[in-house]
1. It is to be established whether one or more residues within segment 3-15 are in contact (Cβ under 8 Å) with a residue 40 or more places away in the chain and over 24 Å from residue 231 (Cα atoms).
2. Of all the strands (runs of 3 or more DSSP E) wholly in segment 80-174, which have at least 2 residues that are under 20 Å from residue 50 (Cα atoms) and either assigned by TED's automatic domain parsing to the domain that holds residue 196 or modelled with pLDDT of 95 or more (or both)?
3. Taking segment 419-443, which residues are crowded, with 17+ Cβ neighbours inside 10 Å and modelled with pLDDT under 60?
4. Residue under question is residue 367, and the condition is that it be at pLDDT below 75, over 29 Å from residue 39 (Cα atoms), surrounded by 11 or more Cβ atoms within 10 Å (Cβ to Cβ) and not assigned by TED's automatic domain parsing to the domain that holds residue 27; does it hold?
5. Can you tell me which residue in segment 70-105 is surrounded by the most Cβ atoms within 10 Å (Cβ to Cβ), limited to those that are more than 18 Å from residue 132 (Cβ to Cβ), within 19 Å of the chain's Cα centre (by Cα) and touching a residue at least 40 places away in the same chain (Cβ under 8 Å)?
6. Every residue in segment 183-198 that is in contact with a strand residue (DSSP E or B) (Cβ under 7 Å, 6 or more places away or on another chain) and either surrounded by fewer than 18 Cβ atoms within 10 Å (Cβ to Cβ) or assigned to a loop (DSSP other than H, G, I, E, B) (or both), please.
7. Can you tell me which residue among 188, 133, 210 is in contact with a helix residue (DSSP H, G or I) (Cβ under 9 Å, 6 or more places away or on another chain) and under 22 Å from residue 85 (Cα atoms)?
8. Any residue in segment 214-222 that is surrounded by fewer than 18 Cβ atoms within 10 Å (Cβ to Cβ), at pLDDT 95 or above and in contact with a helix residue (DSSP H, G or I) (Cβ under 9 Å, 6 or more places away or on another chain)?
């Protein structure tokens, strides 16, 4: 009997973006959605349209421009949410409304301040309304794993009768165990037999580190859809990791008896894109996509891998799109060599885009003897940064023991070609270190723009990591910058870590400017 196909429902752009510190603008969301389509996920949950005008616009844009997956929006069981969701997703060739409502007693009494019967009525009414608009309606019983099972069975039966085509049973607080997940599904299939006529879905959080295990327990008990996110991003400790679920299903099909339609060779590229755009680095020991996932240091392991990779590798790096290049790129490598290597990494660049990438490559190659794949990924990541507003022309920093650090920044405003230097004379931007001093200098220059009049930039988060290998490895800086209620992420790489930090900060500021202009309708 052929393996049962599992629907992969990606919620990186909805639940994943709710991770504290994550901030994506419209263009970043669209770029991630396009890559998710290349990954061949079945459903993209693009956002929560009625939560804000920006989220509505992001979902609407993705629905209009991304082909392939079902485009889904989230909605509470209210007419305003459901109608807003429909208006956002309706232009997608295939679309879904995902309505949710809390069902556990603690949520019903403490959050909703309602009774069980009132919640049942709201769930049914919400699904009925959604079904009049859209043929594909998912219902989520929020906090299902802490819901009384008899009541849960009653709600499941009622919303299926009202027209729900997928029933999601979330472990919203990451509380359950694999055995409990399996028992809950067996109970529902027995006492709400209507469930066997629709798709049961798993949405598990990772508070106890069991999200993937609980999701797979649900799959083994009959669930037909898994809800997950790239790199496991999400609220608190995150969601079930898409890459771990998909590769577990692929690697252990002999036990699980299921399959997916995901193109696993796109996993590494998708992971890197999401990491760079959210500013959330992937831990080196992260399964599947971490830097150490296919590394072997122990001598006995290295000997075994050299003899036969299957001794210590249960999957191949190539399976997840992690390739090892035999092509050495350096200062004298040509444009065609660069294009070929980028193509191997999944980047199809031609024309002006290739010319721009080559200019960045040559500048880096002048500083480094060898260019690694990680360097090329950084080049392509930074190519997606918005640099329309301000460009870094030069940077000077000085530090000396017992003296305040000094920074001199020269920026160009591209719209007018005006050059701004801080300071013209004197100490420049002063801070606790050279990076902070440079950030202060940038803020003082850009703060002259009318879009930021009277407002301060606040550094919310800053991280620095090494990419590539050797003493001349690049440093990749990631910053989160807040101005009033808006937050933007910037990422940049350079062999000079202060320069990388300043360029990342400037990238975030440029994104804030674009957000302000978009909000003003410019």
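The values are calculated or read from the model by the stated rules, or taken from the named source; none is laboratory data. Only a predicted model underlies this, so the values are computations on that prediction, with no experimental measurement involved. Virtual Cβ from ideal backbone geometry, glycine too; neighbours counted across all protein chains shown.
1. Yes, segment 3-15 contains a residue that is in contact (Cβ under 8 Å) with a residue 40 or more places away in the chain and over 24 Å from residue 231 (Cα atoms).
2. Because the criterion is at least 2 residues that are under 20 Å from residue 50 (Cα atoms) and either assigned by TED's automatic domain parsing to the domain that holds residue 196 or modelled with pLDDT of 95 or more (or both), the strands (runs of 3 or more DSSP E) in segment 80-174 that meet it are 95-102, 137-142.
3. 428
4. Against the criterion (at pLDDT below 75, over 29 Å from residue 39 (Cα atoms), surrounded by 11 or more Cβ atoms within 10 Å (Cβ to Cβ) and not assigned by TED's automatic domain parsing to the domain that holds residue 27), residue 367 qualifies.
5. Only one residue tops the list, namely 74.
6. Selection gives 198 alone.
7. Checking each option against the conditions leaves just 133.
8. yes
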